[in-house]
Every structure is written in structure tokens, then in C-alpha cells.
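If you scroll down you'll find the structure; I have some questions about it.
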Amino acid sequence: TTLLYTIKFELCVMRGSTSKTYCGSCSEVLIGEAIKVAANLHYHVQCFLCTECGCELVNTGFFSKLAKYYCAEDYHSLFGTLCNLCHKYIEGEGLSIQGKGKSYHISCLTCTKCGDRFDEGSRITFEQEQALCDSCKVTSEKTPAVKHMCSACSEVIVGTSIFAMEQEWHLDCFVCQECKRPLTGEYMCKDGLPYCEEDYQNLFGQSCNICSDFILGKVLQAGGNSYHTSCLKCYICTQQFDEGQEIFMQDELFWHTDCDEVSEPQVNKEERS
């Protein structure tokens, strides 16, 4: 399962021509140095910024999620997956044990007995939290071969399969319930059914009450509405609210308790959830 990924870009020089190219952020015509992220997607160097903290991405490398770009620190903080063994973020390829809700670096998870790594599609057996490959799996008595059935089509599974939501699936049968595309990476679950992240957000996602975009990662709830942590700011000092910090609210205005400069307000106190 690919847990994290980066996008490569090119630094190019835009010169005047009959066909104009526009910045994907400010929509102004590009002249001079520009960032080429995709075939038809360019940015001014100063416009190519982290969605969360606003830092420039041209010299730091970046991650992409749902057509938004993040610096490594913010991407890990919002969406990163920790290895259950070394407790470091997983970048690139990783092993996700869906039934146990745990993820690992490929180099970290090895067979407890022989020490070999697990290849993609390998069957892993956990006995008392010990990971065993098929060759090292120990049984006390011989038992008839167990047929593994696909949860979707009920046909016998031969070869590589996916174990997700405590069930086993053919690779081609584990698909998004909305768009029917195979789910090869991260997925979302609703009422026992799997969805790709894009369709899950469109069907069930929370939208920020300020920018109206879907909220990925941390959610700030106040006044019965949901917000991105970067969108909801104190109207007095214009700073964001820290996690767990109390918020005063009145007439759809929000402010820190330390910034309370409103005379005798009838306020509602909200706490970040």
C-alpha cells in the first residue's frame, strides 16, 4: 500500500508567446521563472506554497493530496502514518495490516522466526503478536487446506488478495462502492462499505464553514459548525486557535480568552473537539 507520495516538479522559464500560461494559484500570466507541476499546471515561484502553513515549497520538496500541496511537516502532521514498530512516519511503500489497524515500514516488519521480509502480497500470520511467514507458520496438527473466499463475489481466492475490513477480497473485487474503481491504497469505510477518499468526501465529508472546502485531518468545531484549523482565527489578534484551547464566540465572531476586549459580552464558550 502506498501511504505517502511526493510530486516532482520542474523549474522552467516562461517567455512571451502567443499562447499564454497562467499561474494555478493567482491566475496571473506567467513570465520568467515558474514551477511546472504537471503538463498543464504551472505556478509562480512565490505562489507555490504549502496549503496549511503557507511556506514556499520550491526548495523544500512537497506532498500532494486531493490537488493540494503541503510541506513535509504539515503533511505528516495532517495525514501521516506512523510505523507501529519504529514509530517514524512511513514514506513511499509500506505494509498496512488492515484487520489489525497497524502499518509498518517494509524494512521494519520481518518474520519473527526466520527474519525474512514480507514481499507484496505475502500472507502474514500473527500468533500472539508475532508475525510469521507461511514457511515458518507452526501448526500443532495437520488440518485440511482452508479455501479463502472473496467477500464480494464469493469465489475462491487463488494468489494475491487484499485483507481489509476483517475480510478477504480479490484485488479486482475490492472497489469503491460509488465509482467502482479498485482500491489499491488508502480507503474510507462507511456502514461497512469501502469508498475511495474522493467519493467519501463528496458523499459524507465535512466542509469548512469558512472556505467550503472538505476538511482533511484535524477538525475544529465551534458554534455547531466545522472549520479547518487554518481558517478559523481570532478576530482580535488574527492568530489561529491551539488544540484544546477555549474559544469565546458571539455573533459569529471568535476570539481567544486572552484577547477578550469586548465589553460585557454575552458569550458562548466553545471548546475545540
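The values are calculated or read from the model by the stated rules, or taken from the named source; none is laboratory data. Here the structure is a predicted model, which means the values were calculated and not measured. Please note: Cβ atoms are built from the backbone with ideal geometry, for glycine as well, and neighbour counts cover all protein chains shown. All accessible areas refer to the heavy atoms of the entire protein, side chains included, with ligands and DNA or RNA removed. Shrake-Rupley method; radii C 1.70, N 1.55, O 1.52, S 1.80 Å.
Listed residues Glu186, Glu252, Glu166, Glu155; which is within 26 Å of Ala67 (Cα to Cα), among the acidic types (Asp, Glu) and open to solvent by 30 Å² or more (accessible area, probe 1.4 Å)?
Testing whether each residue is within 26 Å of Ala67 (Cα to Cα), among the acidic types (Asp, Glu) and open to solvent by 30 Å² or more (accessible area, probe 1.4 Å) leaves just Glu186.
So Glu52 fits all but one of (1) under 22 Å from Glu197 (Cβ atoms); (2) out of contact with any helix residue (DSSP H, G or I) (no Cβ under 6 Å at 6 or more places or on another chain); what number is the exception?
Every condition holds for Glu52 apart from (2).
Further question: Considering only the range 23-95, give the strands (runs of 3 or more DSSP E) lying wholly within it that have at least 1 residues that are in contact with an Asp or Glu (Cβ under 7 Å, 6 or more places away or on another chain) and open to solvent by less than 20 Å² (accessible area, probe 1.4 Å).
Here the list reads 68-70.
For (1) modelled with pLDDT of 75 or more; (2) of a type outside the set (A, V, I, L, M), each residue gets a yes or a no:
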| position | (1), (2) |
| --- | --- |
| Phe9 | no, yes |
| Thr18 | no, yes |
| Cys23 | yes, yes |
| Cys26 | yes, yes |
| Leu41 | yes, no |
| Asn59 | yes, yes |
| Ala67 | yes, no |
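Hey, can you tell me all the residues within the range 208-237 that are free of Cβ contacts under 8 Å to residues at least 12 places away in the same chain and farther than 18 Å from Lys68 by Cβ?
Within the range 208-237, Gly224 is the sole residue that qualifies.
Can you name the residue in the range 229-249 that is at pLDDT 85 or above and within 17 Å of Ile215 (Cβ to Cβ) and is also least open to solvent (accessible area, probe 1.4 Å) among such residues?
Cys231
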